[in-house]
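Below: the structure, in C-alpha cells.
The values are calculated or read from the model by the stated rules, or taken from the named source; none is laboratory data. Owing to the predicted nature of the structure, the values given are computational and were not obtained by experimental measurement. Here the Cβ is made from the backbone with ideal geometry for all residues, glycine too, and neighbour counts use every protein chain on show.
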Amino acid sequence: MSLAPALDWQLLPFNALTTRQLHDLLQLRSAVFVVEQTCVFQDVDGADPQALHLLGARTGQLLAYARCFAAGIKYPEVSIGRVVTEPAHRGTGLGHALIRRALQAVAEQWGAQPVRIGAQARLEAFYASHGFVDANRPYVEDGIDHLEMVWHPLKPGAIG
C-alpha cells in the first residue's frame, strides 16, 4: 500500500503554466538539484518552453514534478527529465507515483513507445523497478554520475 498523498495532476505546456506554477516548479528544482545536491548548474536550460510539465500538487502545494519531451528534443526517443519530489514527502511512494504518471502522460501524448531518461546513477535501482534498463551509456553531468536508461513498453498501452 502506498503512503503517497493523493495529488491533483496536471500536464501543461510551458505557455499554459501560471506564474505561480512556474515559480513553484523552479523553486522545487532549485531546492533539490542545486541546494540539496550542492550542484551549481544552469537549471533554466532553455528546454522548458519545449516541454510538457507534469505537476502533482495537493492543496496548492507542488509535491512532484517532471518534464516530458517529444521524441527528437532531448533524445531520439520520447523522454522524461527533471524528475523531483518534495523532500519532506520522500519515502511515501510519491516518486513511484510520479514515474507511473509520467509514463502514462507520455504514452497518452505520443503513443506507447520507448522512453529515454538521463538518470542519476544512484537512482538506477529506483528506475529499474519501473522497467527502465541501463543503455550502457554512462556519463558525468555537472559532477554527478548519470546513466542513460530506456523504458520499453511490454505491449501497446502498458504503463510501468
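Remarks
- Test: Ile73 is closer than 21 Å to Asp145 by Cβ, modelled with pLDDT of 95 or more and in contact with a strand residue (DSSP E or B) (Cβ under 8 Å, 6 or more places away or on another chain): no
- Subset of region 3-51 [touching a Phe, Trp or Tyr at 6+ places or on another chain (Cβ under 8 Å) and among the β-branched types (Val, Ile, Thr)]: Val34
- Residues within region 59-68 that are at pLDDT 95 or above and not hydrophobic (A, V, I, L, M, F, W, C), tallied: 3
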